[in-house]
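Step one of this worksheet: look at the structure below.
The values are calculated or read from the model by the stated rules, or taken from the named source; none is laboratory data. In this text, all values refer to a predicted model and were calculated from it rather than measured experimentally. Don't worry about glycine lacking a Cβ; one is built from the backbone with ideal geometry, like all the others, and counts go over all protein chains shown.
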Amino acid sequence: MSEFRNERDTMGDMQVPADALYGASTARAVENFPIAKRPVPPEVIHGFGYLKGACARANQELGKLDTKIVEAILAAADEVAQGKHDSHFPVDVFQTGSGTSTNMNANEVIANLANVELGFGCGAKGEQGAVHPNDHVNMGQSSNDTFPTAMHIAAALTMGTGLIPALDRLAGELDRKSREWDELVKIGRTHLMDATPIRVGQVFSGYAAQARLSKVRAERALKRVEENMPIGGTAVGTGINTHPEFARRVCKILSDQLGNKFCEAANHPEAQAAKDTFVEAHGELKTIAVALSKIANDIRHLGSGPRCGIAELNLPTIQPGSSIMPGKVNPVICESVIQVTCRVLGNDSVVTTAGLGGVGSIFELNVAMPVMIDAFLDSVRLLTNVVNVFREKLLVGLEVNEARCRELIDQSLMMVTSLAPAIGYDRATALAKDAFKSGKTIRELCREQQVLPEAELEIALDPRRMTEPRA
């Protein structure tokens with residue numbers, strides 16, 4: 001049996017692997033772009049599956065396709081959407097900037113699957129009654145509006161089903177910690193130097209607020225990609241060769257099927273020529289990454305030690321930290337979060353550069369869409385996974401070292417701050433300097449110098465009272 005079959009496209013004959021569901025156009029692209037040796041993300045392929053099915057149904061509603069062909073396309077497109085044929089989408093990320101090769105890959109795979117269902121073989125597009133990848137699967141469409149629309153679908157689904165729920169769970173866990181530790185007081189720090197006391201619960205309430213705001217940012221990004229769908233613009237945003245109702249119907253079908261709120265772009269030339277929506281949405285992802293890095297970095301520093309660092313937090317011990325130092329344990333989960341942030345910041349540069357006029361966006365089309373969505377989805381995927389790991393492997397088992405917190409509060413020179421209203425800033429400064437020079441605590445020095453009556457001193461130096469406003 002031959003390892004290849006011969007197929008023909010508008011450029012002539014092409015050898016296609018015998019068992020491939022794709023056709024000549026895809027085979028050409030595989031030959032032309034052996035660059036990253038990494039195909040377009042599967043989420044985009046699944047998005048194409050949903051999109052091609054919605055397009056077929058819309059064309060049926062508009063009287064453009066007969067039922068038999070539509071049903072075959074729908075069955076094939078659903079299999080693509082469910083990821084059953086990912087191995088038949090081999091086109092490299094670094095391909096034609098419009099994603100034409102991937103659009104044709106989807107058209108050919110769906111047409112061939114449909115033709116097999118109808119009793120034809122692969123490559124039967126020219127036979128009477130067979131499904132044609134361009135005339136039927138791609139009806140009323142162009143790569144210039146389908147690839148970006150698949151980008152929107154993929155981004156919406158990955159954020160909606162992965163990142164947003166993960167951030168919600170993260171905020172919930174941080175909220176629980178903030179309530180559980182609300183009566184535990186530790187020393188605060190500004191500029192990496194001692195400051196006034198703060199409750200551990202207050203610190204974690206700040207982290208929880210960052211997580212909640214991160215969820216809001218992810219929801220904003222989701223809304224932006226839902227509301228600016230390019231489908232219906234075809235070649236240059238004018239809608240040539242498609243029905244005026246086509247885009248609205250496709251968006252409704254997709255919304256009903258997936259539970260999103262997809263809307264046709266208000267301006268098709270903008271939706272196709274520019275990718276500002278993705279630049280904006282990834283800006284939200286970048287901010288989320290920065291917030292996560294702040295939380296993780298704080299926690300790893302607060303857990304530093306265990307004897308020669310701050311050691312106010314006890315991080316879960318999940319693996320040995322050194323191949324040479326026995327018993328060493330490192331804040332590896334925090335480090336993972338920080339590294340993800342580095343990657344997301346890099347991806348933001350890719351998305352931004354791909355959106356720039358003269359680089360990706362020029363005249364009526366952005367020509368850096370595959371690399372843009374590859375970077376975007378990489379960020380969503382990494383953030384989703386690291387948020388889940390951070391919560392499950394670190395936050396759930398995180399503990400407060402209460403004894404260490406009390407010890408550091410007693411040693412802090414900034415406990416003198418609460419005395420300033422009673423004795424004045426200058427005298428309080430002198431006390432702090434004397435305490436540092438003598439090695440005594442503020443409490444010890446105040447008692448020696450009888451700065452305040454004992455009862456007043458106890459109230460003034462109560463760490464818990466220092467953690468909230470007082471009249």
message: For the stretch 263-290: of the residues being within 18 Å of I373 (Cα to Cα) and not in a helix (DSSP H, G or I), which is farthest from the chain's Cα centre (by Cα)?
response: A274
- prompt: Looking at H136, H132, which is the one that is within 20 Å of G23 (Cβ to Cβ), surrounded by fewer than 20 Cβ atoms within 10 Å (Cβ to Cβ) and out of contact with any Ser or Thr (no Cβ under 7 Å at 6 or more places or on another chain)?
  reply: H132
task: With respect to I231, determine if the residue is at pLDDT 95 or above and either more than 16 Å from C55 (Cβ to Cβ) or in contact with a strand residue (DSSP E or B) (Cβ under 9 Å, 6 or more places away or on another chain) (or both).
output: yes
task: Working carefully through the options G188, G162, find the one that is under 30 Å from the mean Cα position of the chain (by Cα) and surrounded by 17 or more Cβ atoms within 10 Å (Cβ to Cβ).
output: G162
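What residue, of S323, S361, is among the hydroxyl-bearing types (S, T, Y), out of contact with any Pro (no Cβ under 8 Å at 6 or more places or on another chain) and within 30 Å of E264 (Cβ to Cβ)?
Values: S323 fails: within 30 Å of E264 (Cβ to Cβ).
It is S361.
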message: Taking the conditions exactly as written (assigned to a helix (DSSP H, G or I), in contact with a helix residue (DSSP H, G or I) (Cβ under 7 Å, 6 or more places away or on another chain) and not aromatic (F, W, Y)), does L65 satisfy them or not?
response: no
Scope the stretch 355-372; condition free of Cβ contacts under 8 Å to residues at least 60 places away in the same chain and either under 18 Å from P41 (Cβ atoms) or among the acidic types (D, E) (or both); matching residues: none
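Out of A56, A29, A20, A75, I need the residue that is among the aliphatic types (A, V, I, L, M), buried (at least 24 other Cβ atoms within 10 Å of the Cβ) and either closer than 19 Å to T146 by Cα or modelled with pLDDT of 95 or more (or both). Which one?
Values: A29 fails: buried (at least 24 other Cβ atoms within 10 Å of the Cβ); A20 fails: buried (at least 24 other Cβ atoms within 10 Å of the Cβ); A75 fails: buried (at least 24 other Cβ atoms within 10 Å of the Cβ).
When all the criteria are applied, what remains is A56.
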field: Failed criterion for T196 (all others in (1) in contact with a His (Cβ under 7 Å, 6 or more places away or on another chain); (2) in a strand (DSSP E or B) hold)
entry: (1)
- line: Just one listed residue, out of L285, L254, is closer than 23 Å to K393 by Cα, modelled with pLDDT of 95 or more and not basic (K, R), and it is L285
- prompt: Only one of A455, A428, A471 is surrounded by 17 or more Cβ atoms within 10 Å (Cβ to Cβ), out of contact with any Gly (no Cβ under 9 Å at 6 or more places or on another chain) and not aromatic (F, W, Y); which?
  reply: A428
message: Among the residues that make up the stretch 422-429, is at least one of them in contact with an Asp or Glu (Cβ under 7 Å, 6 or more places away or on another chain) and polar (S, T, N, Q)?
response: no
message: Tally up the residues in the stretch 117-153 that are assigned to a helix (DSSP H, G or I), under 22 Å from Q82 (Cα atoms) and touching a strand residue (DSSP E or B) at 6+ places or on another chain (Cβ under 8 Å), please.
response: 3
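Out of all the residues in the stretch 97-107, is one or more surrounded by fewer than 22 Cβ atoms within 10 Å (Cβ to Cβ), assigned to a loop (DSSP other than H, G, I, E, B) and in contact (Cβ under 8 Å) with a residue 60 or more places away in the chain? Full working, then the answer.
Narrowing the stretch 97-107 to residues surrounded by fewer than 22 Cβ atoms within 10 Å (Cβ to Cβ): 97, 100.
Going one step further and asking which of them are assigned to a loop (DSSP other than H, G, I, E, B), we end up with 97.
Next, only the ones that are in contact (Cβ under 8 Å) with a residue 60 or more places away in the chain stay: 97.
Yes, that holds for at least one residue.
Take the residues in the stretch 291-337 that are in a helix (DSSP H, G or I) and of a type in the set (D, E), then tell me which one is nearest to L192 (Cα to Cα). First the steps, then the outcome.
To start, the set of residues in the stretch 291-337 that are in a helix (DSSP H, G or I) comprises 291-302, 332-337.
Checking which are of a type in the set (D, E) leaves us with 298, 335.
Numbers: D298: 11, E335: 19 Å.
My answer is D298.
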message: Under 6 Å between Cβ atoms, which residue pairs at least 6 apart in sequence (or on different chains) link something in the stretch 313-330 that is in the same structural domain as E392 (by TED's automatic domain parsing) and small (G, A, S) with a partner that is in a loop (DSSP other than H, G, I, E, B) and surrounded by 10 or more Cβ atoms within 10 Å (Cβ to Cβ)?
response: G321/K328; G321/V329; G321/N330; S322/K328
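Could you list all residues from the stretch 431-452 that are of a type in the set (S, T, N, Q) and surrounded by fewer than 16 Cβ atoms within 10 Å (Cβ to Cβ)?
The answer is S438, Q449, Q450.
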